[in-house]
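Taking it in order: structure first as structure tokens, then the write-up.
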Amino acid sequence: MSDLDPRDELVEHLPAMRAFAISLTRNGATADDMVQDTLVKAWTNIDKFQVGTNMRAWLFTILRNTYYSSRRKAKREVADVDGTHTESMAEKPAHDGRLQMTDFRDAFAQLSDEQREALLLVGASGFSYEEAAEMCGVAVGTIKSRTNRARQRLAELMHLDEDDSLELTDDATMSVLTAAKVASF
Amino acid sequence: MAQASANRKRESVIDENLKRVYDEALEEGIPDRFKDLLEALKQQDQSKDAAK
């Protein structure tokens, strides 16, 4: 017999939900609205949560679905399309940690929502590729390629390659990256 | 080999920054509105139960 109400657990996941929402949307107000909607949905649909499974994954799934459905509804001016360049990105970054973080934020903002999401789930929130794939409703390979492309794009935008003494052509860089990926998975 | 280690270094720079951005948001704490909301949801349920 279990009198434990899984809803009592919700509060523990709030900081992570908020961090994910803020990092995904880069907007505190939007993030908080999403978290609020998610809390209400989770509370009223708690019977759909399978006790014993990962509650954080369940909540993050509701959260990202909330985000994507509001994005569809609002059709807001999405500037963060793959391949967008801004002039500010042409500057070479300073190697100071703080400035590098500003560069990172700028670059991160230029990824697509899907790329940002994949990186956040796998790189920051500690989910496995499999968990992230299930949460996003896509194949594991899709999550892997999204994170790889996101990392590659960030490296380009942050000019991380330029630190290397070896000049590689794009094709050579690609093949090296691919080889490195295969090795690390 | 040099490339592979450069790639690893590159990835670690990215992952460190990613972690920092996420952790900063994590450390912001939780606005009261969420605790108030949970409290309100709880009370709503209790008054529903009481009405049965």
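The values are calculated or read from the model by the stated rules, or taken from the named source; none is laboratory data. Values in this document were obtained by computation on a predicted structure and should not be read as measured data. Backbone-built Cβ (ideal geometry, glycine too); neighbour counts: all protein chains shown.
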The helices (runs of 4 or more DSSP H) lying wholly within segment A:32-143 that contain at least 2 residues that are of a type in the set (S, T, N, Q), modelled with pLDDT under 95 and not assigned by TED's automatic domain parsing to the domain that holds A:H159 are A:55-74
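Here's the yes/no breakdown for (1) at positive phi; (2) of a type in the set (V, I, T); (3) touching a helix residue (DSSP H, G or I) at 6+ places or on another chain (Cβ under 6 Å); (4) more than 10 Å from every other protein chain (Cβ to nearest Cβ):
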residue: A:D5; (1), (2), (3), (4): no, no, no, no
residue: A:L14; (1), (2), (3), (4): no, no, yes, no
residue: A:S23; (1), (2), (3), (4): no, no, yes, no
residue: A:Q50; (1), (2), (3), (4): no, no, no, yes
residue: A:N54; (1), (2), (3), (4): no, no, no, yes
residue: A:L59; (1), (2), (3), (4): no, no, yes, yes
Among the residues of segment B:1-32, which ones are at the interface with chain A (Cβ under 7 Å from one of its Cβ atoms) and farther than 27 Å from A:R105 by Cα? B:A2
Tell me, yes or no, whether segment A:161-170 has at least one residue that is at pLDDT 65 or above and surrounded by 21 or more Cβ atoms within 10 Å (Cβ to Cβ). no
Checking the conditions here, which among B:A4, B:A25, B:A50 is assigned to a helix (DSSP H, G or I), in contact with a helix residue (DSSP H, G or I) (Cβ under 6 Å, 6 or more places away or on another chain) and over 17 Å from A:A124 (Cα atoms)? B:A4
How many residues does segment A:15-38 hold that are surrounded by 17 or more Cβ atoms within 10 Å (Cβ to Cβ) and within 17 Å of the chain's Cα centre (by Cα)? 15
